[in-house]
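The values are calculated or read from the model by the stated rules, or taken from the named source; none is laboratory data. These numbers come from a predicted model, not from an experiment. In this analysis, Cβ positions are derived from the backbone assuming ideal geometry, glycine residues included, and neighbour counts consider all displayed protein chains.
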Amino acid sequence: MNKIFAFDNVCINGFASVVGKTEKAGPLSYCFDMCEEDEYFGKDTWEEAESEMVHRCINILLNKTGRAPDSLNLICGGDLLNQCVASSFGVKEWGVPYLGLYGACSTFGEAMLVGGGMVSGGFAKNALGFASSHFCSAEKQYRFPLEYGGQRTPTAQNTVTGCGAVLLEKGQGKIMLKDGLVGRIVDAGITDVNNMGAAMAKAAADTLRRYFALSGKSPSDFDIIATGDLGREGYELCCELLGDAYEKIKDRYTDCGMMIFDMEGQDVHSGGSGCGCSASVTAGYFLPRLKKGELKRVLLVPTGALMNPTTVFQGQSIAGIAHAICFERQG
């Protein structure tokens, strides 16, 4: 469906974020609700650690909004692990209706589209959307266990250990979920698993062009335009792919994968990636600034690399996808 989703009266009534120790060492450390020094989050495995991170993040959101789990109509979210186990194990004890989502690193955008659509359409009074990732669990699944000690190329990205969660409700509030655009799968022919930024850049440029063509908005309508996690390599490629259109957005265009880490002071190569990247930056940085009135309108374009270890081993290319979400401050 090549059209903008205009959400009907959907507000953001709360948000929360949890990150790990590498993210705590970055420039946005002051933004997050919790920064955990223990990468195991008190558990025995990386997978359990990610589930615990999801559980903590949603609990923080519930506490901040004064809600009990049984007040939720729907939880929708996902992660990078096989069958989204980090998410399902993280929310299973609450017994809330749940939709597990997978859009690779674009999953947070998918959660906003699905949750916002359910609330906008009257199918739910509220929906909690989230996404998470964990550096160690992702490295174990997609590349090599950390114990292997493999070297990464300069174009590789550092999967963010983080989770961001947002409570969407029917009604008016300081922050509104205004509209969105579902991304298209775009295959640039990239086969290098250590260069996902390049694999996703073409999809990001495609979504940005489509959003402005279909929405009637211009880049000047936004304070910030942020792609999800292209990292430095993908960001620079996206700028090139936008061509003349880049001149219209360059003063306000950034990338969550470059924001969350100190690109010069931390050993993160091309920057951040993972479902938790755009989710934690949005819940920890963009939404609080919108609530305070420091920002009026933000366009978030989470990006995802659609691949798994099997397809990479078979030499298949890594397709990209990018969704667009518009957050707007009321009043």
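Does G115 fit the bill of being more than 14 Å from G162 (Cβ to Cβ), out of contact with any Asp or Glu (no Cβ under 6 Å at 6 or more places or on another chain) and surrounded by 17 or more Cβ atoms within 10 Å (Cβ to Cβ)?
Numbers: more than 14 Å from G162 (Cβ to Cβ): yes; out of contact with any Asp or Glu (no Cβ under 6 Å at 6 or more places or on another chain): yes; surrounded by 17 or more Cβ atoms within 10 Å (Cβ to Cβ): yes.
Yes, satisfied.
Show the residue pairs that are 6+ apart or on different chains and have beta-carbon atoms under 8 Å apart, the first residue being within region 238-252 and assigned by TED's automatic domain parsing to the domain that holds N195 and surrounded by 11 or more Cβ atoms within 10 Å (Cβ to Cβ), the second being β-branched (V, I, T) and not in a helix (DSSP H, G or I).
Correct list of pairs: C238/T227; I249/I225; R252/I224; R252/I225.
Table: residues versus (1) without any contact (Cβ under 8 Å) to a residue 24 or more places away in the chain; (2) touching a Cys at 6+ places or on another chain (Cβ under 6 Å); (3) crowded, with 24+ Cβ neighbours inside 10 Å; (4) outside the structural domain of T282 (by TED's automatic domain parsing).
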{"position": "L74", "(1), (2), (3), (4)": "no, no, no, yes"}
{"position": "D79", "(1), (2), (3), (4)": "no, yes, yes, yes"}
{"position": "Q83", "(1), (2), (3), (4)": "yes, no, no, yes"}
{"position": "S87", "(1), (2), (3), (4)": "no, no, yes, yes"}
{"position": "V91", "(1), (2), (3), (4)": "no, no, no, yes"}
{"position": "P97", "(1), (2), (3), (4)": "no, no, no, yes"}
{"position": "A104", "(1), (2), (3), (4)": "no, no, yes, yes"}
{"position": "T107", "(1), (2), (3), (4)": "no, yes, yes, yes"}
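For M263, are the conditions met, namely being touching a helix residue (DSSP H, G or I) at 6+ places or on another chain (Cβ under 7 Å) and modelled with pLDDT of 95 or more?
Details: touching a helix residue (DSSP H, G or I) at 6+ places or on another chain (Cβ under 7 Å): yes; modelled with pLDDT of 95 or more: no.
No: the conditions fail for M263.
Within region 31-44, restricting attention to residues that are in contact with a Ser or Thr (Cβ under 9 Å, 6 or more places away or on another chain) and in contact (Cβ under 8 Å) with a residue 12 or more places away in the chain, which residue is farthest from G14 (Cα to Cα)? Spell out how you get there, then give the answer.
Of the residues in region 31-44, the ones in contact with a Ser or Thr (Cβ under 9 Å, 6 or more places away or on another chain) are 31-36, 39, 41, 43.
The next check asks that each one be in contact (Cβ under 8 Å) with a residue 12 or more places away in the chain; those that pass are 31-36, 39, 41.
Details: C31: 14, F32: 14, D33: 12, M34: 15, C35: 19, E36: 21, E39: 26, F41: 24 Å.
Going through the qualifying residues, I end up with E39.
Considering T303, T310, which residue is without any contact (Cβ under 8 Å) to a residue 60 or more places away in the chain, of a type outside the set (F, W, Y) and over 18 Å from S215 (Cβ atoms)?
Numbers: T303 fails: without any contact (Cβ under 8 Å) to a residue 60 or more places away in the chain.
Going through T303, T310 in turn, the sole match is T310.
Could you grab me the full set of residues in region 217-235 that are buried (at least 24 other Cβ atoms within 10 Å of the Cβ) and assigned to a strand (DSSP E or B)?
I225, A226, T227
Restricting to region 16-44, name every residue that is small (G, A, S), under 24 Å from G129 (Cβ atoms) and surrounded by fewer than 21 Cβ atoms within 10 Å (Cβ to Cβ). It would help to see each step written out before you state the result.
First pass over region 16-44, keeping only residues small (G, A, S): 16-17, 20, 25-26, 29, 42.
Then keep just the ones that are under 24 Å from G129 (Cβ atoms); that gives 16-17, 20, 26, 29.
The answer is S29, and nothing else.
Which condition does V312 not pass, out of (1) at pLDDT below 95; (2) surrounded by fewer than 16 Cβ atoms within 10 Å (Cβ to Cβ), if it passes all the others?
It fails just one condition, (2).
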